[in-house]
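Right, one structure below, let's go through it.
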Amino acid sequence: MSLDVSPRLLAEAEKGEVQEQDFVESVRTSLPYAWDLIARLTAELRSGAAEFADNQTPPPSERDRGQLLRALSSDAIRGSLERHFGIALAFQNCHRVAAFHPEARGGDTYTRFTSLRAQILSQSPELRDC
């Protein structure tokens, strides 16, 4: 799953530094499932009192799963999403992504969510090939 990079964005990159808002727009249009999921989690996080908002529903298609994996496996994409939405992302398996307030990094809940134990407990046979 690659980003759809416009000729203008490619030219910008060839000249030097890329404007983050241009990169974020490319992510939004290239990875709409991942974008919408992270936007929804951000809204849930901001609207409630919970320490984080997470998704536990598998993507509706392998294409959507690919978008989510692409977004979260790239440091540049993930970092841009975190800065754009003002959140910290944590990822456990092929669909369980969580949005935290940035200051939660290093806190008890974030540390539990990203722990080895939580990773093991989030596994199941049906996720083996995701």
**Q.** Percentage relative contact order, the chain, counting C-alpha pairs under 8 Å, at least six apart
**A.** 22 percent
Q. Of LEU3, PHE113, GLN67, which is farthest on the positive side of the dipole of the chain, counting Cα position, with +1 on Lys and Arg Cβ, -1 on Asp and Glu Cβ, and the Cα centre as origin?
A. PHE113
(Q) Over the chain, with the other protein chains present, what is the accessible area per residue in square angstrom, probe 1.4 angstrom? (A) 59 Å²
Q.
If you split all Cα-Cα distances of segment 1-110 into 5 Å bins from zero, what percentages do you get per bin, shortest first?
A. 2, 12, 22, 23, 18, 11, 7, 3, 1
Q | Within the accessible area of the chain (1.4 Å probe), percent carbon and sulfur | A | 52 percent
Q: Could you calculate, for segment 1-55, the ratio of the Cα radius of gyration to the Kirkwood radius, expressed as Rg to Rh?
A: 1.15
Q) If one takes the longest principal axis of the Cα atoms in the chain, at what angle in degrees, from 0 to 90 and to the nearest 10, does the Cα axis of helix 20-30 lie? A) 70 degrees
**Q.** Signed unit charges on C-beta, dipole axis of the chain, positive-most listed residue GLN92, ALA104, VAL18
**A.** GLN92
Q: Compute the semi-axes of the equivalent ellipsoid of segment 45-130, taking the square root of 5 times each eigenvalue of the Cα gyration tensor, and list them largest first in whole Å.
A: 21, 17, 12
Q | Computed helical MRE - 222 nm, the chain, DSSP H runs ≥ 4 contributing -39500 (n - 2.57), nearest 500 | A | -16000 deg cm²/dmol
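The values are calculated or read from the model by the stated rules, or taken from the named source; none is laboratory data. Quick caveat: nothing in here was measured; it's all calculated off a predicted structure. Because the Cβ atoms are built from the backbone with ideal geometry, glycine has one as well, and the counts that use them run over all protein chains shown. Side chains are part of the model used for accessible areas, which takes the heavy atoms of the whole protein and leaves out ligands, DNA and RNA. Shrake-Rupley method; radii C 1.70, N 1.55, O 1.52, S 1.80 Å.
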